[in-house]
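All remarks here apply to the structure that follows.
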Amino acid sequence: HPNFEIRIFNPFNRGAAGKAWSALTDLRRVNRRMHTKTFTVDNQVTSVGGRNIAAEYFGAREDAKFGDLDVVGVGSVAGEVSGMFDSFWNHETALPVGAFASMPDDPTSELLRVRGRLETSREQIRQTKYAEAVVETALGFMASDSSPLVWAPYQLVYDSPDKGIKSTSTPSVAITPKLVDALRGAQRELIVVSPYFVPRKSGVEFFSALQASGVQVTIVTNSLAANNQVTVHGGYAPSRKPLLESGVRIFEVRPDANVKGAEIVAASGAKATLHTKAFLVDRHSIFVGSFNFDPRSANLNTESGVIIESKRLGEEFGDTFDRGIKLQTYELFLNDAGKLRWRGFEDGREVIYKKEPQSTWGQRFIAGLVRLLPVKSQL
């Protein structure tokens, strides 16, 4: 639309822009990746979270259902996110798509052709159940007696595009110190939600020390059967026993978990995969963004998110967690012999599992093999 400006900040946009960034990282021989995900319109409204731009992340595929979380912001935060976008757009490592992709001989005709395809696709989508659900949701927001927005203090946190370039990267441009400060502020409770959780030795020590200080630490991540990155699970698995021994609670999302909206395109029976990246401190301070608790997010990828101070939103987050955690996950524990076990519920009945629930032999083999190989630093 000629009267709108939309700024999409997404590494997995299925298009030339995503391919261009991948090619650029290969060209520079730097094992890093832009992992930031934002969507800003007219510098007025912005969405920040962990959602990639592909059908499975929007509940639009019948064979996959990803559980994601975003936060919508208006006001000054939209301008700040737009400024972050500019820092990447104008960075030395950002080049026009034409530097990587073959350009058409007649750009004007090609543009008209692409616009025609987009219009055809838009008309087709308007006739789908998914489009009906989107409109219904939007109208529901507008018809609500109370605003779905909550005014609250926030801090936009993100990595500079210089991250990963040793000659320019400094701690002042990194997201990690700000997240660590927020985590250390916990006095009673910390809930971490991360689909790819690979804390390594230092992370295990950090969460164990926090637990020992009197804070109840709870980790929610993917089970092996739900994980779309089996090798990552191999990097995470060794941390489970020491964390449990320290008193940390661990829950792994079931592959048959319910994902809100999956019923729209008849995806209720598809495999569920957790993709939310968030944490909640004392049911008051909330982080929502793209940061996974793994070495890649901490050391290589550029990440972003917002830390929001709101008792109302914190309690909503906590209530949602309390309602769904028992039925949507397996709880890990150590039996009397110190063996790892999983506790789940089937038809209201508690079931104890001795191995990774609902996983296949092949999944267990690959995850186990990763534990033996010297590749954990790349996870």
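The values are calculated or read from the model by the stated rules, or taken from the named source; none is laboratory data. Note that the structure is predicted; figures quoted are calculated from it, not measured. Cβ: placed from backbone, ideal geometry, glycine included. Neighbour counts: every protein chain shown. Please note that ligands, DNA and RNA were not included when accessible areas were found on the heavy atoms of the full protein model with its side chains. Shrake-Rupley method; radii C 1.70, N 1.55, O 1.52, S 1.80 Å.
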Is at least one residue of the range 145-153 buried (at least 17 other Cβ atoms within 10 Å of the Cβ) and either modelled with pLDDT of 85 or more or under 29 Å from Asp86 (Cα atoms) (or both)?
-> no
Name, by its number, the condition in (1) open to solvent by less than 30 Å² (accessible area, probe 1.4 Å); (2) out of contact with any Pro (no Cβ under 9 Å at 6 or more places or on another chain); (3) of a type in the set (Asp, Glu); (4) under 30 Å from Gly59 (Cα atoms) that does not hold for Asp294.
-> (2)
Show the residue pairs that are 6+ apart or on different chains and have beta-carbon atoms under 9 Å apart, the first residue being within the range 140-163 and farther than 30 Å from Met34 by Cα, the second being open to solvent by 40 Å² or more (accessible area, probe 1.4 Å) and not in a loop (DSSP other than H, G, I, E, B).
-> Ser147/Phe141; Pro148/Val72; Pro148/Phe141
Restrict the check to the range 46-56 and report whether at least one residue is surrounded by 10 or more Cβ atoms within 10 Å (Cβ to Cβ) and in a helix (DSSP H, G or I).
-> yes
Could you check how many residues of the range 103-138 are in a helix (DSSP H, G or I) and open to solvent by less than 100 Å² (accessible area, probe 1.4 Å)?
-> 19
Going by the conditions given, is Asp322 under 16 Å from Glu252 (Cα atoms), free of Cβ contacts under 8 Å to residues at least 24 places away in the same chain, among the charged types (D, E, K, R) and not in a strand (DSSP E or B)?
-> yes
For Thr93, state whether it is touching a residue at least 60 places away in the same chain (Cβ under 8 Å), over 27 Å from Ala272 (Cα atoms), open to solvent by less than 50 Å² (accessible area, probe 1.4 Å) and in a loop (DSSP other than H, G, I, E, B).
-> yes
Members of the range 325-346 found to be within 15 Å of Asn258 (Cβ to Cβ) and touching a residue at least 12 places away in the same chain (Cβ under 8 Å), listed by number | Ile325, Lys326, Leu327, Gln328, Thr329, Tyr330, Gly344, Phe345
Do the conditions hold for Ala152, that is, is it outside any helix (DSSP H, G or I), closer than 18 Å to Ser285 by Cα and of a type in the set (Gly, Ala, Ser)?
-> yes
Test each condition in (1) under 29 Å from Asn258 (Cβ atoms); (2) open to solvent by 20 Å² or more (accessible area, probe 1.4 Å); (3) polar (S, T, N, Q) for Asn299 and report the one that comes out false.
-> (1)
Matching option when the condition is under 24 Å from Gln229 (Cβ atoms), assigned to a helix (DSSP H, G or I) and small (Gly, Ala, Ser), among Ala367, Ala272 | Ala367
Any chance you could count how many residues in the range 340-357 are touching a strand residue (DSSP E or B) at 6+ places or on another chain (Cβ under 9 Å) and open to solvent by 70 Å² or more (accessible area, probe 1.4 Å)?
-> 4
